[in-house]
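For reference, the structure discussed in these notes is given below.
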Amino acid sequence: MIDDFKGAYIATQHLIEQGYKKIAHISGPQHIKVFNDRLKGYLSALQANNLDVSYDSIYYGNVSIEAGREAIRHFLAMTHPPDAVFAVEDFTALGAIKELKEKKRKIPQEFGVIGFANELFGEHITPTLSTIDQQTVLMGKKSFKLIMQLIDKKIDKSKIVQQKIVLEPVHIFRKSSLRNDSMEQLNSLV
């Protein structure tokens, strides 16, 4: 598994470092641990930076492109709308970007967006999507290695102990969250 709390913290901290002042979160169903951990990481980063935690700036939706669009409509209708959003995953972030573009909001100058997952489409949309890589390929490799050890009898099946491997999230900052004065930073990451 990935450290979802830490990944969310990194994503939110990045938006803060880019100068965004009111950061919203599009969350997923809270009965699912990964979404709850991501919400907690978001809140922790805001608190660590002495930013107000406004529960109006948290949109509880389903994980989908449409949920991202709905959340942006909700946020933009606020008296004091946010200027950035951390979406619980990349498809939701894609919906946020689509709605922001439809509403003629300039990304990242007026509104920053970051997702979570590192879906393949992220580097092919405009603007390219900042995200947290949840290391699915590495997860698969580590899982396969454990299975192969069982098959090869390198592990005594009577002594099998459940293992929990927590991987580090990897940030991928692209154009959707890097403000103009940070384009040099973007180029150094590529």
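Pull up the DSSP beta bridges for the chain and report the antiparallel fraction as a percent, rounded to 5.
The antiparallel fraction comes to roughly 20 percent.
Near D83, within a Cβ-to-Cβ distance under 10 Å, what is the net charge of the other residues, with Lys and Arg +1 and Asp and Glu -1?
+2
Any idea which of F86, N50, F121 is furthest toward the positive side of the dipole for the chain, if Lys and Arg beta-carbons carry +1 and Asp and Glu beta-carbons -1?
My answer, from the dipole projection, is F121.
Using the Cα centre of the chain as the reference point, and only Cβ charges (+1 on K/R, -1 on D/E), how large is the resulting charge dipole? Debye, rounded to the nearest 20.
I would put it at about 460 debye.
So who's got an amide H within less than 5 Å of the one on I2, skipping anything under 5 residues away but keeping other chains? H placed 1.01 Å off N, in plane.
Those qualifying (amide H under 5 Å, at least 5 residues apart or on another chain) are L167.
Using alpha-carbon pairs under 8 Å, 6+ residues apart, how would you state the relative contact order of the chain in percent?
24
With a 1.4 Å probe and every protein chain kept in, tell me what percent of the accessible surface of the chain is carbon plus sulfur.
53
Skip the ligands, DNA and RNA, and give the accessible area per residue of region 18-125 with a 1.4 Å probe, whole Å².
Here the residues of region 18-125 average 46 Å² of exposed surface.
Excluding R69 itself, calculate the net charge of residues whose Cβ lies under 15 Å from the Cβ of R69, where each Lys or Arg counts +1 and each Asp or Glu counts -1.
0
Given Cβ point charges of +1 (Lys, Arg) and -1 (Asp, Glu) and nothing else, what value in debye, to the nearest 20, does the dipole of region 47-149 about its Cα centre take?
The calculated dipole for region 47-149 is roughly 260 debye.
Hey, what number do you get for the chain at 222 nm if only DSSP H runs of n ≥ 4 count, each worth -39500 (n - 2.57), divided across all residues, to the nearest 500?
When only DSSP H runs of four or more count, the value is -13000 deg cm²/dmol.
Classify region 23-102 as rounded, prolate or oblate from the Cα gyration tensor: take a ≥ b ≥ c as the square roots of its eigenvalues, call it rounded if a/c is under 1.5, otherwise prolate when a/b beats b/c and oblate if not.
oblate
Starting from the Cα gyration tensor of region 84-151, take the square roots of the eigenvalues, sort them a ≥ b ≥ c, and report rounded, prolate or oblate (rounded when a/c is under 1.5, otherwise prolate if a/b is larger than b/c, else oblate).
prolate
Please give me the summed charge of the neighbours of A45: other residues whose Cβ is under 15 Å from its Cβ, Lys and Arg +1, Asp and Glu -1.
Taking every Cβ under 15 Å from that of A45, the sum is 0.
If a/c stays under 1.5 just call it rounded; otherwise compare a/b with b/c (prolate if a/b is bigger, oblate if not). Do that for region 1-135, with a ≥ b ≥ c from the square roots of the Cα gyration tensor eigenvalues.
Rounded, since a/c falls under 1.5.
The values are calculated or read from the model by the stated rules, or taken from the named source; none is laboratory data. Here the structure is a predicted model, which means the values were calculated and not measured. With ideal geometry, Cβ positions are generated from the backbone for all residues, glycine too; neighbour counts draw on all protein chains shown. In case anyone asks, the SASA skips ligands and DNA or RNA and just uses the protein heavy atoms, side chains included. Shrake-Rupley method; radii C 1.70, N 1.55, O 1.52, S 1.80 Å.
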